[in-house]
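Before any comments, here is the structure.
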Amino acid sequence: MYAIIEGCCPTAGDPHASEVQTICTLPDRCIPARRLASLAACSGGGVNAPDRVRGARADDIGKKIADDIVLGHFEPGTRLDEVMLAKRFEVSRTPVREALKQLATQGLVVCRPNRGAVVAELTAQQIAHMFEAIGELEAACARHAAIRLSAGERDHLHALHAQARVAMRAADADLYDRLNQEWHRVLIEGCGNPVLIEMTLGLRHRLSPFRRSQFRNLERMSASFEEHAVIIEALMAHDVGSAQRQMRSHLLSAHMATARLSSGCN
């Protein structure tokens, strides 16, 4: 049994309701200089420095809350009080609210007027269905990417893989997770099908808290790295069948590792 948060609406008469703002933030990822400059150019005119800092803080809080949900630290039915969470993370209530709003985009938070945030149940079967779907979607992306990846995208995958090796050897789960997200994004976008890209990235976003939790197990981090190496080999050889099979197998392994961790098994 898994748990998700429900609710993050300002209650009636809440004096902090006016503090809620919608801020577009991006996770800290390993991004090439040109892409980073492009992102900065897109966001620089609309969000000032304090807002970016607050957004980054909300993103970090959201990840910690999501991890607690995946690992079962928040039991179903538990009310998540904004004041309690603010004290725990030593922040004001505003970044806590923003964190819960971010989790809403992943389907982990549902707004319940006048009730605040409560933890609800998400069954293992529901999670399995999402992993099964993402496995098929990313397998299709890998099949197309084996033919359509540009030379630059292939070089980018190699570079990210090399950086992931450093993170793995340093047992840096947070860095490995960020590199893993970027590696998958490059491969997915390399499939060259806008509809498939949109569907796959959307479901990956919903599953990201569950996929991130697997790297708490260092053995799984190492296994993930080796699985990436096999996928890269298939991509570089333009082997569409192998790329598809290996990606599907990779996502199956990720699901099994997540399920074991969530159930308390090693």
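Assorted remarks:
- Failed item in (1) open to solvent by less than 20 Å² (accessible area, probe 1.4 Å); (2) in contact with an Asp or Glu (Cβ under 7 Å, 6 or more places away or on another chain); (3) modelled with pLDDT under 95, with T200 passing the rest: (3)
- Boolean, A133 is farther than 19 Å from Q246 by Cβ and in contact (Cβ under 8 Å) with a residue 12 or more places away in the chain: no
- Of the residues making up the stretch 231-252, those that are surrounded by fewer than 16 Cβ atoms within 10 Å (Cβ to Cβ) and either of a type in the set (A, V, I, L, M) or in a helix (DSSP H, G or I) (or both) are E233, M236, A237, G241, S249, L252.
- Some residue of the stretch 145-160 being in contact (Cβ under 8 Å) with a residue 12 or more places away in the chain, within 18 Å of the chain's Cα centre (by Cα) and buried (at least 16 other Cβ atoms within 10 Å of the Cβ): yes
- Selection status of P209, open to solvent by 20 Å² or more (accessible area, probe 1.4 Å), at negative phi and of a type outside the set (A, V, I, L, M): no
- Selection status of A170, open to solvent by 10 Å² or more (accessible area, probe 1.4 Å), over 22 Å from F131 (Cβ atoms) and modelled with pLDDT of 95 or more: yes
- Given (1) farther than 17 Å from R212 by Cα; (2) at pLDDT below 95; (3) open to solvent by less than 20 Å² (accessible area, probe 1.4 Å), number of the condition I127 does not satisfy: (1)
- Which listed residue, of E98, E136, E132, is crowded, with 20+ Cβ neighbours inside 10 Å, modelled with pLDDT of 70 or more and not in a loop (DSSP other than H, G, I, E, B): E98
- The residues of the stretch 158-201 that are in a helix (DSSP H, G or I) and under 17 Å from K63 (Cα atoms), listed by number, are A173, D174, L175, Y176, D177, R178, L179, N180, Q181, E182.
The values are calculated or read from the model by the stated rules, or taken from the named source; none is laboratory data. Quick caveat, the model's predicted, so the values are computed rather than measured. Note: ideal-geometry Cβ built from the backbone for every residue, glycine included; neighbour counts use all protein chains shown. Surface accessibility is based on the protein's heavy atoms, side chains included, excluding ligands, DNA and RNA. Shrake-Rupley method; radii C 1.70, N 1.55, O 1.52, S 1.80 Å.
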